[in-house]
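The values are calculated or read from the model by the stated rules, or taken from the named source; none is laboratory data. Quick caveat: nothing in here was measured; it's all calculated off a predicted structure. In this analysis, Cβ positions are derived from the backbone assuming ideal geometry, glycine residues included, and neighbour counts consider all displayed protein chains. These accessible areas exclude ligands, DNA and RNA; they are computed on the full protein's heavy atoms, side chains included. Shrake-Rupley method; radii C 1.70, N 1.55, O 1.52, S 1.80 Å.
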Amino acid sequence: MTDSASEPYDLAVVGAGPAGLAGAVAAAELGLGVVLLDASAHTGGQFYRQPAPQARAARPEALHHDWSAYAGLRRRLAESSVRHLPGHHVWSITHEAPAWSVHCLTGDDGSDEQPVRVRARAVLLATGAYERHLPFPGWTLPGVVSAGGAQAMLKSGLVLPGRRIVVAGSGPLLLAVASSLAAAGARVPALVEASGYLAYARHPRALAANPQKAAEALVHGAALLRHGVRLRSRSAVTAVHGTDRVEAVTVTRLDRTWRPVQGSGRRIACDALAVGHGLVPQIELATALGCATRTSADGTSALVLGPLQETSVRGLWAAGETGGVGGVRLALAEGELAGIAVAARLGAGRARGSRIVQLRRRRDRMRAFADAMAAAHTPGPGWRCWLADDTDVCRCEEVTAGRIREAVDDLGARDARTVKLLTRAGMGWCQGRMCGPAVACLAARDGAPEPPPERRPFAVPVPMSVLAQCADQPNTAP
Amino acid sequence: MPTGKLSDVIVIGAGMVGAACAYYAAGAGLRVTVIDRGSVAGGTTGAGEGNLLVSDKEPGPELELARLSARLWTELSGALPARIEYEPKGGLIVAADEPGAAALRDFADRQRAAGVTAEEIPADRLHDLEPHLAPGLAGGVHYPQDAQVMPALATAHLLRAAGNRIRLRLGEEVTGLLTAPDGTLRGVRTTRGEVHAPYVVNAAGAWGGELARLAGVELPVRPRRGFVLVTEPLPRVVRHKVYAAGYMADVASGSATLQTSAVIEGTPAGPVLIGASREHAGFDRTLSPQALQRLAAGATALFPVLGTVRAMRTYTGFRPYLPDHLPAIGPDPRAPGLLHACGHEGAGIGLAPATGFVIARCLTGGEPPLDIGPFDPGRF
Ligand SMILES: Cc1cc2nc3c(=O)[nH]c(=O)nc-3n(C[C@H](O)[C@H](O)[C@H](O)COP(=O)(O)OP(=O)(O)OC[C@H]3O[C@@H](n4cnc5c(N)ncnc54)[C@H](O)[C@@H]3O)c2cc1C
Ligand SMILES: Cc1cc2nc3c(=O)[nH]c(=O)nc-3n(C[C@H](O)[C@H](O)[C@H](O)COP(=O)(O)OP(=O)(O)OC[C@H]3O[C@@H](n4cnc5c(N)ncnc54)[C@H](O)[C@@H]3O)c2cc1C
């Protein structure tokens, strides 16, 4: 295993999306020695995706608002002393006093022989989020893609998943996805949203305090109108038709609990369906270290963070979606705040009191807005009625809703963990990232589901030969 | 205020051991209520492995319990659905060098005298049994009576097999025991009310000591932590349960420090399980890189092909440990009406049927199938 020469760093930042970039740059500009690790070959994370060179996009920024913020960060990164390590998949973080060890696999898919360990006095977790999926009959048919996946494909390869694409699910991202698909030339016959957008009206204060967000929604709204996209709220895709590929979907109205209203189904012809139900914070590196979590308004687990972005474990900080899903501007503000706070803790740089006050205020305002949005898009318990007994819930292990219901009703499972033990749902390649939220809902007999504990001691699968040498090393003294 | 119909016995804990007690008690005609604060198999049973071993046990009371259990498991595998994944696949213990092999042969001789089937495997025949074993090992012993089961499914199906003689109360924690003015046991108090029965079985696993304390008696059960590594699904690379000779010494050790000797086994679903470390660390779930490193190193030393295989996850559980490595099974002389069935440490899946069988005999006043003196809960 290689240890790099300049260790330990002052700060290791995991994730080079908006939050991680902002944090790394801010900390380095205050004089810290920073290493920035990301599994991907590029900086930018989920939001600022770069087209593959062969896609020859003339203007990647056309698909992004805020590209200038990113361009600025990239320039500052290039000018800084930050060591950027792309292609580093962090599988675990451990603490051997006085420093943290960040264990990485390298290579495109983490399969290179040589594992890397990076040591640092502080760690900033900016690992973002992954998409939440709720199963429904037909969701495994070719032509059904995730909303985020469709957006990512568009941003990095500029390809469309189909020509006539229904966008469905719940959450503010659907607006962005529908408008970029339409702008790229697809027909979007309908945007199907399970909650009522009216729900936002219950949080007028948060909306009024975030004019930028409101403007963003208006821009997307206007784009949708221009492209003739029909918005159908309080509705869901409850069936997908087609034998080898999507040919049509059934869109059904929902009651307040998201239960389908009998007889209200309407068929819409399409050749692709992009679905998403918001994002789930990716926090397993933190939970493996015992960081406290909270249940967000949308029913996902997020890290509990202090006023300056520190987790409940001293020396471990987090920013961006790991503290709750909130969008790119919040991620930028939190990243910078964390970078400054780490520098202050380690005694570097001048005190940046006024900037801290400003960033904190901005963050609090945007967090309030994010919470309001999250509450509006929480899945209603009635969504379980979308599932037929033969609908696959866990795709990796091919576990149906019927099997899960049996485990709960007849075998005595009461939570996602015991459902998994009794059915194997969530034991497959994705380790429950895909089916976890759905299984937790099905396991909850009464009341709100516990979010599945984001306990995956290995953030990515690890070759046994790498594990066999991981703790061998003597501690490198700082 | 009683909540629910009368029961003859209350079993606290819906793990493997509680399920076996309930099953055999119901089979003896008793009406059983099983109470668990969580899910079926949500405790250690859902956080361990399902090795049913005779191979790792010294001649003595635990081996006798294991041999009875092995017979009962064979019976149960016929009575329960195939989904419990019972596999009589046999165990193979290997030694790295000649002194190790000699010790192994000696151990096997003594086990054979106690009725265990054990077949010596010379070095040049090891690969007939396990083609992917590392070269250069000194020899081994094959134990055809070792078997495997999927613990959570076995527990759930055992509880279901007895039909309506067993009532399950899940998500309900026992917070106290009820006694009549004359001191006789009347049942338990829970977070949802009272449940009445003249007998209570403590099958609370690693939490059995806390439960005993509710009855005012001392039972020194402590958690002994273990990690298990799970690989990606593989075709059949490992055929038996395979482990290195040092394992028995680890099992028998009372030391608090980390002990690891990997037991390697394939599962019907494909992943290979590598378990398990042993250490006293309280109920702490924090990942131990040392434990994982040693498990992985042990496994790849025995099966070099596993080196490029990826570990998908790891999980941890808490074995219910008693200082003399023997479970507490039977009536508590200090608290009439209370029986214990806990403290099986790393063998509770294997020993569950015999434990349940013994408890059912105690409850119905029958003759126990073996000498239960060594398991007397009053011995501490
Ligand atoms: C389809 C889609 C559309 C969106 N549209 C908008 C929008 O219009 N407006 C808006 O405000 N927001 C939008 N967002 C949200 C926005 O992308 C996020 O808010 C933002 O990217 C969060 O930044 P982050 O730095 O927290 O995480 P991310 O951008 O997700 O970055 C996390 C980084 O961490 C890396 N990483 C994760 N785990 C590991 C690991 N174990 N080892 C190494 N690296 C790791 C990842 O590779 C990634 O680069 C959208 C998101 C999606 C998915
Ligand atoms: C890593 C590891 C590997 C192992 N491998 C093997 C193996 O290969 N073979 C083998 O035979 N054994 C193995 N074991 C040991 C085996 O798992 C245990 O001995 C066995 O599961 C104990 O079962 P139990 O029913 O006594 O306890 P548990 O399964 O823990 O059940 C006790 C139950 O009691 C409940 N409870 C506790 N207190 C209360 C209360 N106050 N009110 C209500 N309910 C309560 C708990 O919720 C729990 O469900 C392993 C253990 C570990 C940790």
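A few notes on this one:
- Some residue of segment A:317-337 being away from ligand 1 (no atom under 11 Å from the Cβ), under 21 Å from residue A:101 (Cα atoms) and either touching a Phe, Trp or Tyr at 6+ places or on another chain (Cβ under 8 Å) or of a type in the set (Asp, Glu) (or both): no
- Condition check for residue B:14: open to solvent by less than 30 Å² (accessible area, probe 1.4 Å) and part of a helix (DSSP H, G or I): no
- Screening residue A:398 on (1) at pLDDT below 90; (2) open to solvent by 30 Å² or more (accessible area, probe 1.4 Å); (3) in contact with an Asp or Glu (Cβ under 9 Å, 6 or more places away or on another chain) shows it passes everything except condition (1).
- Any hit, segment B:111-119, residues being open to solvent by 60 Å² or more (accessible area, probe 1.4 Å), over 15 Å from residue B:58 (Cβ atoms) and either touching a residue at least 12 places away in the same chain (Cβ under 8 Å) or away from chain A (no Cβ under 14 Å) (or both): yes
- Residue that is farthest from ligand 2 (Cβ to nearest atom) [pool: residues in segment B:168-185 that are buried (at least 18 other Cβ atoms within 10 Å of the Cβ) and closer than 20 Å to residue B:331 by Cα]: B:185
- Conditions (1) more than 9 Å from every other protein chain (Cβ to nearest Cβ); (2) within 30 Å of residue B:353 (Cα to Cα); (3) at pLDDT 90 or above: number failed by residue B:295: (1)
- Test: residue A:4 is of a type in the set (S, T, N, Q), open to solvent by 30 Å² or more (accessible area, probe 1.4 Å), more than 21 Å from residue A:459 (Cα to Cα) and modelled with pLDDT under 95: yes
- Residues of segment B:50-76 that turn out to be within 15 Å of ligand 2 (Cβ to nearest atom) and more than 12 Å from chain A (Cβ to nearest Cβ), as a count: 18
- Restricting attention to segment A:152-166, the residues that are within 11 Å of ligand 1 (Cβ to nearest atom) and open to solvent by less than 30 Å² (accessible area, probe 1.4 Å) add up to 3.
- Contact map, segment A:453-465: residues that are more than 7 Å from chain B (Cβ to nearest Cβ) paired with residues that are modelled with pLDDT under 85 and open to solvent by less than 20 Å² (accessible area, probe 1.4 Å), Cβ distance under 7 Å, separation 6+ or inter-chain. Pairs shown: A:460/A:110.
- Residue B:328 vs. criteria in contact with a helix residue (DSSP H, G or I) (Cβ under 6 Å, 6 or more places away or on another chain), within 11 Å of chain A (Cβ to nearest Cβ) and touching a residue at least 40 places away in the same chain (Cβ under 8 Å): no
- Entry remark, segment A:241-267: residues being open to solvent by less than 20 Å² (accessible area, probe 1.4 Å) and in contact (Cβ under 8 Å) with a residue 40 or more places away in the chain number 5 in total.
- Candidates A:299, A:265, A:290, filtered to the one that is more than 23 Å from residue A:456 (Cα to Cα) and out of contact with any helix residue (DSSP H, G or I) (no Cβ under 7 Å at 6 or more places or on another chain): A:265
- Annotation note: of B:349, B:359, the sole residue that is more than 9 Å from chain A (Cβ to nearest Cβ) and open to solvent by less than 10 Å² (accessible area, probe 1.4 Å) is B:359.
- In segment A:387-400, the residues that are under 15 Å from residue B:269 (Cα atoms) form Cβ pairs under 7 Å with partners that are of a type in the set (Phe, Trp, Tyr) and open to solvent by 60 Å² or more (accessible area, probe 1.4 Å), at six or more places apart or across chains, as follows: A:396/A:429.
- Each residue in segment A:343-370 was checked for being within 25 Å of the chain's Cα centre (by Cα), surrounded by fewer than 19 Cβ atoms within 10 Å (Cβ to Cβ) and either outside the structural domain of residue A:296 (by TED's automatic domain parsing) or among the aliphatic types (A, V, I, L, M) (or both), and 1 of them qualify.
- Single residue of segment A:131-151 satisfying the filter (open to solvent by 30 Å² or more (accessible area, probe 1.4 Å) and touching a Pro at 6+ places or on another chain (Cβ under 9 Å)) that is farthest from ligand 2 (Cβ to nearest atom): A:145
- Close pairs (6 angstrom Cβ cut-off, 6 or more residues apart or separate chains): under 19 Å from residue A:333 (Cα atoms) and open to solvent by less than 10 Å² (accessible area, probe 1.4 Å) in segment A:21-42, more than 16 Å from ligand 2 (Cβ to nearest atom) and of a type in the set (S, T, N, Q) anywhere: A:21/A:43; A:25/A:80
- Qualifying residue in segment B:3-11 (condition: within 14 Å of chain A (Cβ to nearest Cβ) and either outside any loop (DSSP other than H, G, I, E, B) or over 22 Å from residue B:211 (Cα atoms) (or both)): yes
- Among the residues listed as B:71, B:83, the single one being charged (D, E, K, R) and either within 16 Å of ligand 1 (Cβ to nearest atom) or at pLDDT 95 or above (or both): B:71
- Residue within segment A:263-274 that is in a loop (DSSP other than H, G, I, E, B) and closer than 22 Å to residue A:159 by Cα present: yes
- Filtering B:285, B:310, B:294 for residues that are within 16 Å of ligand 1 (Cβ to nearest atom), more than 16 Å from the chain's Cα centre (by Cα) and open to solvent by 10 Å² or more (accessible area, probe 1.4 Å) leaves a single hit, B:310.
- Number of positions in segment A:103-126 that are modelled with pLDDT under 95, of a type in the set (Gly, Ala, Ser) and either open to solvent by 10 Å² or more (accessible area, probe 1.4 Å) or part of a strand (DSSP E or B) (or both): 2
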